[in-house]
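Working notes, structure below.
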Amino acid sequence: GIITETIFSWPGIGLAYLQAAVVEDIPVVMGILTIIGILTLVSHLIADIGYAFLDPRIRYN
C-alpha cells in the first residue's frame, strides 16, 4: 500500500491513485480502478481453476 511505498521510496500505483484522486484526475482514477478490478477478477479465476486441479471433489460442468 501507500505506507510501503512511502517507507521504501518505491513508486507505485497506490500513490499514483491517491495523487490522481486529490487533483480529481478522473481518467487516471478510472484507469487504475479498472486495472485493479481486472487483476482481481483474473486472480479469482486462477484460484478457482487451481482449486479444480487440487481438489478432485470440485467439478465444473
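The values are calculated or read from the model by the stated rules, or taken from the named source; none is laboratory data. Quick caveat, the model's predicted, so the values are computed rather than measured. Glycine also receives a Cβ, built like all others from the backbone with ideal geometry; neighbour counts cover every protein chain displayed.
Test Ile58 against the criterion of being modelled with pLDDT under 95 and at negative phi, and give yes or no.
So Ile58 fits the description; yes.
Here are some conditions: (1) outside any helix (DSSP H, G or I); (2) surrounded by 10 or more Cβ atoms within 10 Å (Cβ to Cβ). Glu24 meets all but one. Which one does it not meet?
Only one criterion is unmet by Glu24, namely (2).
Restricting to the range 1-46, and then to whatever is touching a helix residue (DSSP H, G or I) at 6+ places or on another chain (Cβ under 8 Å) and among the aromatic types (Phe, Trp, Tyr), can you tell me which residue is farthest from Tyr60 (Cα to Cα)?
Only one residue tops the list, namely Trp10.
Of all residues in the range 17-61, which are of a type in the set (S, T, N, Q) and either in contact (Cβ under 8 Å) with a residue 12 or more places away in the chain or over 21 Å from Ile2 (Cβ atoms) (or both)?
Of everything in the range 17-61, just one residue is of a type in the set (S, T, N, Q) and either in contact (Cβ under 8 Å) with a residue 12 or more places away in the chain or over 21 Å from Ile2 (Cβ atoms) (or both), namely Asn61.
Which one of these is surrounded by 12 or more Cβ atoms within 10 Å (Cβ to Cβ) and not β-branched (Val, Ile, Thr): Gly50, Gly12, Gly37?
The match here is Gly12.
I'd like the full set of residues that are modelled with pLDDT under 90 and either of a type in the set (A, V, I, L, M) or within 15 Å of the chain's Cα centre (by Cα) (or both), limited to the range 19-53.
Ile49, Ala52 - these are the residues of the range 19-53 that are modelled with pLDDT under 90 and either of a type in the set (A, V, I, L, M) or within 15 Å of the chain's Cα centre (by Cα) (or both).
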